[in-house]
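Engineer: First, the structure itself, so that you have it in front of you.
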Amino acid sequence: MLFRPSEIARIAMLIENNGIIFYSALAEKAKDEGAKTLFSFMAGEEKEHYQFFEKLCSKFEGYEVPESYDDEYEEYMQQLVDSSVFTKDINVDEVLEKAGNVLGAIDLALGAEKDSIILYLQLKKIMPAEEQSTVDEIIEEENRHIGKLLLLKKNITQSGEDFYASQKTWDSERQ
């Protein structure tokens, strides 16, 4: 499968759409007002990102990947897509069940945000220079999301040990 920029933009749209669904569900279920507000904000951010990638997708129709990219690139992109939390159709109930609690959901969201950044960095490499700065802005927003999620997690956990314990559990389940 050749990953053309338009196809990667469609994958990004799926990631962002699933992020909307995920964060909206978390906002609905959150009992903590701070978490509810943050998850609602994140859903709104994902909507904006979806709209950007939707426009980008139509711009990229017919644009081909530079010839310097080879089979290793294709394999790498396939691995990124396969390993990303939000590149497949999302079943919110299953995802929330896997998360277990708000800390698990935050860890899941952190993983999804990191996966998104990696995918967007790869997309940026194969797109026209005039579009790269906008992707940089989205990457920066995803980085800010990570910071907000880490702050929420810190506020919820009782100790530094609790803070890292949920991440270790989720990382081991993911492998």
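The values are calculated or read from the model by the stated rules, or taken from the named source; none is laboratory data. Model, not experiment: these values are computed from the prediction. All Cβ positions, glycine included, derive from the backbone under ideal geometry; neighbour counts span all protein chains shown.
Results for (1) outside any helix (DSSP H, G or I); (2) modelled with pLDDT of 75 or more, shown as yes or no for each residue.
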residue: Lys59; (1), (2): no, yes
residue: Tyr63; (1), (2): yes, no
residue: Val81; (1), (2): no, no
residue: Glu94; (1), (2): no, yes
residue: Ala112; (1), (2): no, yes
residue: Ile118; (1), (2): no, yes
residue: Gln122; (1), (2): no, yes
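Engineer: When segment 104-134 is examined, which residues are found to be without any contact (Cβ under 8 Å) to a residue 40 or more places away in the chain and within 18 Å of Lys59 (Cβ to Cβ)?
Structural biologist: Lys124, Lys125, Ala129, Glu130, Gln132, Ser133
Engineer: Does Ile15 qualify as being modelled with pLDDT of 85 or more, under 12 Å from the mean Cα position of the chain (by Cα), part of a helix (DSSP H, G or I) and hydrophobic (A, V, I, L, M, F, W, C)?
Structural biologist: Values: modelled with pLDDT of 85 or more: no; under 12 Å from the mean Cα position of the chain (by Cα): yes; part of a helix (DSSP H, G or I): yes; hydrophobic (A, V, I, L, M, F, W, C): yes.
Taking the combined requirement at face value, the residue does not satisfy it.
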